[in-house]
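The structure appears below as structure tokens.
Nothing in this text is a laboratory measurement; each read-out follows from the coordinates by a stated rule. What you see is a predicted model, and the numbers here were worked out from it, not measured in a lab. Methodologically, a virtual Cβ is constructed for each residue, glycine included, from the backbone with ideal geometry; neighbour enumeration extends over all protein chains shown.
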Amino acid sequence: MNNYEIIKTVRLTEKGTLQGEKLNQYTVVADRRANKIEIRNAVQDLFKVKVLSVNTLNVRGKARRKRTHQAGTTPAWKKALVTLKDGDRISLT
């Protein structure tokens, strides 16, 4: 997998922006098959920053229904919390 397949997007949430300001952590949506080492290398290559640690968790898909009786689920995804070195930033705008 290349870096663009490993890192899908950066999540922008209220909690994530607070973590970015106070703890220098960013939330990244990663490929479900990627491990911490691959995520670390991809973030360092794509954003040109130094990664101190990566914490990952698999987020389960939620059950959803639309206007029919047929049920479905949202896709499951992998969340990666990436902690950067002091002074390094990821520009989200």
(request) Counting residues in the chain as N, plug N into 2.2 N^0.38 Å and put the Cα Rg over that result. (result) 1.22
(message) Cross-link candidates for K50: which aspartates and glutamates have Cα within less than 15 Å, leaving aside residues fewer than 8 places away along the same chain?
(response) E38, D86, D88
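Can you compute the helix-only [θ] at 222 nm over the chain? Use -39500 (n - 2.57) per DSSP H run of at least 4 residues, normalise by all residues, nearest 500 deg cm²/dmol. Before the final figure, lay out the partial values.
Details: 3 runs with 25 residues, N = 93.
Helix-only estimate at 222 nm: -7500 deg cm²/dmol.
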(message) Nearest 10 degrees is fine. How inclined is helix 36-47 to the longest principal axis of the chain, computing both from alpha carbons?
(response) 70
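So what is the relative contact order for the range 1-82, in percent, with contacts set as C-alpha pairs under 8 Å and at least six apart? Walk me through the intermediate numbers first.
Details: 128 pairs, mean separation 25.4, N = 82.
After rounding, I find 31 percent.
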(request) Post the alpha-carbon centroid distance, the range 65-93 to the range 18-33, in whole angstrom. (result) 10
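How would you rank 37-45, 52-60, highest first, on the average number of other Cβ atoms within 10 Å across their residues?
Details: 37-45: 18.0, 52-60: 12.7.
In descending order of packing, they fall as 37-45, 52-60.
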(request) Check cross-link reach from K79 to the aspartates and glutamates: straight Cα distance under 13 Å, and skip same-chain residues fewer than eight apart. (result) D31
(message) Under a crude label model (7 Å from the Cα following the beta-carbon direction), how far is I37 from K62 in nanometres?
(response) 3.6
(message) Calculate log10 I(q)/I(0) of the range 20-62 for q = 0.22, 0.27, 0.28, 0.35 Å⁻¹, where I(q) comes from the Debye formula with a single equal point scatterer on each Cα and nothing for solvent.
(response) -0.81, -1.10, -1.16, -1.44
